[in-house]
Amino acid sequence: MQFAKPSTLSQDDTQEKILGAAQRLFARHGYGGTTTRDLAQAAGVAEGTLFRHFENKKAILIEVATRGWVELLTDLLTELSEMANYKAIAKVMRKRMLNLSANTDMLRVCFMEAQFHPELRERVQAEVIAKMTDVAEAFFQTAMDRGTYRPMNPRVVARIFLGMFTIAGFSQVTLADEANSPQDMKELAETLADIFLNGVLANPEA
């Protein structure tokens, strides 16, 4: 019986190397501008190894983007669940926004490629967005039941909240001409939370 050498990568390690390389290359060159040969070279594996882990290049893209969305929204909802009170959204948003700058590659893949691949949008919607919306809906329903938020459709509120966060993060991180400072991200998070909680009217009763 032959045993693998200690330096041999496990199946999981190899897959992670492929996904990490794919995230970097898709973000920099786009899905269409990246070949499977490019992916294999960047991951340090043979091209045949690539296809032992993934059916094709599209399968790699879908896995990278789905994981990215899961990470992005799970972190946000975890922060919400640990919030001291329902008015502390600004602190949650600030922490999340500051962390977005470390995930620029992932954000570019999630947002830029989804518009070109219907199957990617469908999987993300079914496996990530819908489930996260359920969690956020429960969060906002509890806040409404406690009288912290005024009665509204909690699912609509959840969709608006998640949409504000993801789109603001995308525009700030992936469309900016240069790196955003912590102060820029802090201002974005606090303004986002303020608009979500208070709206934009100077005098709502007018």
First in segment 13-42 and free of Cβ contacts under 8 Å to residues at least 60 places away in the same chain and of a type in the set (Asp, Glu), second anywhere and open to solvent by less than 20 Å² (accessible area, probe 1.4 Å) and in a helix (DSSP H, G or I), Cβ under 9 Å, 6 or more apart: 38/21
Need a quick list: helices (runs of 4 or more DSSP H) entirely within segment 26-145 having at least 2 residues that are open to solvent by 70 Å² or more (accessible area, probe 1.4 Å). 36-43, 47-53, 57-81, 89-100, 118-124, 130-145
Kindly list the number of the only condition in (1) at pLDDT 75 or above; (2) hydrophobic (A, V, I, L, M, F, W, C); (3) assigned to a loop (DSSP other than H, G, I, E, B) that fails for residue 176. (1)
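The values are calculated or read from the model by the stated rules, or taken from the named source; none is laboratory data. Only a predicted model underlies this, so the values are computations on that prediction, with no experimental measurement involved. Here Cβ is always computed from backbone atoms with ideal geometry, including for glycine, and neighbour counts include all displayed protein chains. Accessible surface is based on the protein model in full, side chains and every heavy atom, while ligands, DNA and RNA are left aside. Shrake-Rupley method; radii C 1.70, N 1.55, O 1.52, S 1.80 Å.
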